[in-house]
Amino acid sequence: MSGKIVKVSGPLVVADGLSDASISDVVRVGSQGLIGEVLTMTGGSAAIQVYEETSGLGPGADVVTTGTPLSVELGPGLLENIYDGIQRPLLAVRALSGSTIARGIDVPALDREKRWRFFPTAIVGAAVTGGDILGTVEETAAVAHRIMVPPGVSGILTSLEGGNYTVEDVIGSVKTASGEDIPLRLMHKWPVRVGRPFTKKFMPEKPLCSGQRVIDTLFPLAKGGTAAVPGPFGSGKTVVQHQLAKWSDVDIVVYIGCGERGNEMTDVLMEFPELRDPKTGEPLMKRTVLIANTSDMPVAAREASIYTGITIAEYFRDMGYDVAVIADSTSRWAEALREMSGRLEEMPGEEGYPAYLSSRLAQFYERAGSIECLGSDARRGSLTAIGAVSPPGGDTSEPVSQATMRIVKVFWGLDSSLAYARHFPAINWLSSYSLYLDTLKPWYDKEYGAVFMHDRTRAMAILQEESALSEIVKLVGADALSAPDRLTLETAKMIREDFLQQNAFDDLDSYSSYEKQAHLLRLILSYSDMCSDAISAGVSDVDALFAIEARAQIGRAKSSLPDEFKEEYAEIIRNMKYQIDDIIAGGELK
């Protein structure tokens, strides 16, 4: 069905004559066939969000509806690819149109020419249902792409053959209860605004190991959980998200650059192909999907990019993989909502954002979770959603930050003062929190004993006590404090500088395993305990305790080699005990 444009207002186009169209239908606008999506319907008039530049469009131009909702293509070829917000493969687009994206260009998301080797595992004649695994394709060296029966399809598997296929070739068929033969292919489509179905959702019970000590030890995120990273310009949101993408112990990473500056996405595009996956030794891109919707691309396409990314992530989750979606940033997405809401002349909410901002954010984050996948094998998968928030001036009282904080369970608050002091990750330990501590405690206790959570609680208490003492220090100076209080300040300094601070450019310090984190924190607290015992034994010269050689060794301990740190830490503790005992005995400082 086709209609005619009656109004153009930036990315908003109003067309008459589309009475048979539905909300969320994809339309082609104008002679160039610009991609758009129906937002609202009033009789035969449709308000359309166009995902491309609309300059040159005017009243009277044709609008043709496709009759299908905005969907993504799911199949082999997703990994290692770079898409824009509406799943156009940017490398293929560049080959056709050069350095700029030509308006109306129509390139399939998955390569139609490439052949994939399909290895069937399902048995012909067996009953199958949506989610059952038919076989695998070795998409990359790091990931086996599991070909599944599309959701909603069930019956008897009447044929299935291995071989080399394109994504459009028929690999088998299913006969439904009604006698209909449904062809099976390597790919299928799924509407982006509809969450993919699953059998059951579980409470997240395992932590996502990111290798970042301030995250893993103090404010852990569970696999299948949700987290927000708010912070002002220059506080390190993108650096934190890059570290999560590089080091998180997930099988698949979907990185969404939603409205961020082009140079930041360029860093991602240049870095990721060069990074090596620590688990496989292969390039990290072999388990990564990038969605690049930069700030100079149409604002309206930002909204689609979030849904495109989460739908691709759900597809890999349904295979039984652990997936992380990293969105940078949801504030830019909210700006797209605000612009379209204003052009639709809807009643604005706080600061001009639409009144439905919170519900839209919730629709995104609620698609995260640890689930039992569809299918007969009861496999488990997880989808972890991490969204950066860019509040103007770092003011987290603005609507996007507040709406996000009401939804997510982990809040990593970035602090510009820490960033300016070159303390990275610049996550403020006083304003951040994790609501997964209680559900993750059984895992920590099982893997590392009760001492890990005890040390974590004690470290947080020391940091909070330091905050209270710092006000006194500003008034009277550190020398006026008692010896135990000075020890508290010194221990807090060690926790901040020797534990929480990490160098992303140091190969030994960029990633820290849970075991190394536990031993390093225990090392710092052991020093505090020994100094406290020395003070109780009558040592009044705390400066002598702070000047021992083992104290400097602790400062270098985070750069120990992964297979040598246990012996090194044990040696530091022996030296520390000997040197502190010598001070207690009144001997010379060793």
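The values are calculated or read from the model by the stated rules, or taken from the named source; none is laboratory data. The shown structure was predicted, so the numbers you read here are calculated from the model rather than taken from an experiment. For neighbour counting, all protein chains shown are included, and Cβ atoms are generated from backbone atoms with ideal geometry for every residue, glycine included. Please note that ligands, DNA and RNA were not included when accessible areas were found on the heavy atoms of the full protein model with its side chains. Shrake-Rupley method; radii C 1.70, N 1.55, O 1.52, S 1.80 Å.
Descriptive notes on the structure:
- Think of each Lys and Arg Cβ as +1 and each Asp and Glu Cβ as -1; about the Cα centre, that makes the dipole of the chain roughly 1120 debye.
- Antiparallel beta bridges, as assigned by DSSP with both residues in the chain, represent about 70 percent of the total such bridges.
- For the chain, the residue among G538, P183, L39 whose Cα projects farthest onto the positive side of the dipole built from Cβ charges is P183.
- Where labels lie 7 Å past Cα in the beta-carbon direction, separation of S359 and E346 in nm: 0.9
- Degrees, to the nearest 10: 437-448 long Cα axis against longest axis of the chain: 60
- Between the C-alpha center of the stretch 502-568 and that of the stretch 345-364 there is a gap of 48 Å.
- FRET E, pair E138, A480, Förster distance 45 Å, beta-carbon r, rounded to 0.05: 0.10
- Principal-axis tilt of helix 330-343 within the chain, Cα atoms, nearest 10 degrees: 40
- Sparsely packed loop sites in the stretch 134-235 (the chymotrypsin sites (Phe, Trp or Tyr not before Pro) outside DSSP H, G, I, E and B with at most 16 other Cβ atoms within 10 Å) comprise F233.
- Using the Cβ of C373 as centre and a radius below 13 Å, the other residues enclosed give a net charge of +1, where K and R count +1 and D and E count -1.
- q = 0.14, 0.21, 0.25 Å⁻¹: log10 I(q)/I(0) that the Debye formula gives for the stretch 416-465, counting C-alpha atoms only: -0.48, -0.86, -0.98
- Pair-distance profile P(r), taking every C-alpha pair of the stretch 377-427, with 5 angstrom steps and integer %: 4, 16, 22, 20, 14, 10, 5, 4, 3, 2, 0
- Note on K493/S431: beta-carbon distance plugged into 1/(1 + (r/R0)^6) with R0 of 22 Å gives a FRET efficiency of 0.70.
- Dimensions of the stretch 205-316 from C-alpha coordinates, computed as largest minus smallest value along each principal axis and given longest first, are 39, 32, 27 Å.
- Ranking by accessible area, most exposed first, for S536, S470 with a 1.4 Å probe: S536, S470
- Gained length - S510 relative to R94, 0.36 nm times residue gap less alpha-carbon distance: 146.3 nm
- Beyond 21 Å in Cα-Cα separation lie the following of the pairs K237/K409; K409/K558; K279/K516; K201/K279: K409/K558; K201/K279.
- Alpha-carbon centroid distance for the pair the stretch 226-254 / the stretch 179-217, whole angstrom: 19
- Additional length obtainable on full extension of the chain from E564 to D267, 0.36 nm per residue less Cα span: 103.6 nm
- If you take all other residues with their beta carbon under 11 Å from the beta carbon of K446, and give Lys and Arg +1 and Asp and Glu -1, the sum is -1.
- Cα gyration tensor shape of the stretch 340-483, rounded if a/c is under 1.5, else prolate or oblate by comparing a/b with b/c: oblate
- Pairwise inverse Cα distances across the chain, averaged and inverted, put the Kirkwood hydrodynamic radius at 26.5 Å.
- Seen against the Cα atoms of the chain and their longest principal axis, helix 565-584 is set at about 30 degrees.
- Unit charges at the beta carbon, dipole of the chain: most positive-side option, T65, S382, A300: T65
- When only alpha carbons are used to place a centre, the stretch 119-178 and the stretch 49-100 end up 28 Å from one another.
- Per the Debye calculation on the stretch 48-190 with a single equal scatterer at every Cα and no solvent contribution, log₁₀ I(q)/I(0) for q = 0.09, 0.21 Å⁻¹ amounts to -0.37, -1.27.
- For I86, net neighbour charge (Lys/Arg +1, Asp/Glu -1) across residues whose Cβ lies under 12 Å away: -4
- With every protein chain in place, the stretch 1-126: carbon and sulfur % of accessible area (1.4 Å): 53
- Between Q464 and E53, the FRET efficiency estimated from the beta carbon spacing at R0 = 41 angstrom works out to 0.20.
- Average 1/r across all pairs of distinct alpha carbons in the stretch 85-132, invert it, and you get the Kirkwood radius: 14.2 Å.
- Heavy atoms of the protein chains alone define the surface here; on that basis the chain has 41 Å² accessible area per residue at 1.4 Å probe size.
- Virtual spin-label span in nm between E549 and A537, 7 Å along Cα→Cβ: 1.9
- Of the peptides 436-446, 236-246, the ranking by mean beta-carbon count within 10 Å, highest at the top, reads 236-246, 436-446.
- Compared with the direct C-alpha span, the chain from S22 to K189 gains 58.3 nm at full extension, assuming 0.36 nm per residue.
- Inter-probe distance in nm under a simple model that places probes 7 Å from Cα toward Cβ, at T40 and K441: 4.9
- Take the Kirkwood radius over Cα pairs of the stretch 271-380, plug it into Stokes-Einstein at 37 °C and 0.692 mPa s, and you get 202 µm²/s for translational diffusion.
- Note on the chain: dipole from Cβ charges, positive end direction compared against W429, V229, V13; the farthest Cα belongs to V13.
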